[in-house]
Amino acid sequence: MAEVKKENWFSRTWHKACKFFRELRSELKKVVWPTYEQVLKNAVVVAGCVLVIGVFIWLFDFVAQVGINGLIGLFH
């Protein structure tokens, strides 16, 4: 019977890494990258949402602070 010689660890790892990067390159070719205008539009939408949510958090914090200070003033 002929024995099947197993590749060493370095050779197997090198072949797996090469295969991974070949597949990665082929997948990256399939990606549809956004245009500059789309990126700018999405960035403006995200910045606007962050600003609106920040204002709501600030208002809630302000109202809670006034309420807590009012309660402390009543019982102090």
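Only the coordinates and a few stated rules stand behind these numbers; no lab work does. This is a predicted model, so every value here is computed, not measured.
Between the stretch 14-29 and the stretch 36-58, the alpha-carbon centres lie 36 Å apart.
In plain terms, if you count all Cα to Cα distances in the chain and split them into 10 Å steps from zero, the share in each step is 14, 15, 14, 14, 14, 12, 10, 5, 2, 0 percent.
Compared with the dominant Cα axis of the chain, that is its longest principal axis, helix 36-75 is turned about 40°. Seen against the Cα atoms of the chain and their longest principal axis, helix 9-30 is set at about 60 degrees.
The helix-only estimate of mean residue ellipticity at 222 nm for the chain, built from DSSP H runs of length n ≥ 4 each weighted as -39500 (n - 2.57), is -29500 deg cm²/dmol after division by the residue total.
Under a cut-off of 27 Å between alpha-carbon atoms, report the lysines in cross-link reach of LYS5, not counting same-chain residues fewer than 8 places apart. Those lysines meeting the cut-off are LYS16, LYS19.
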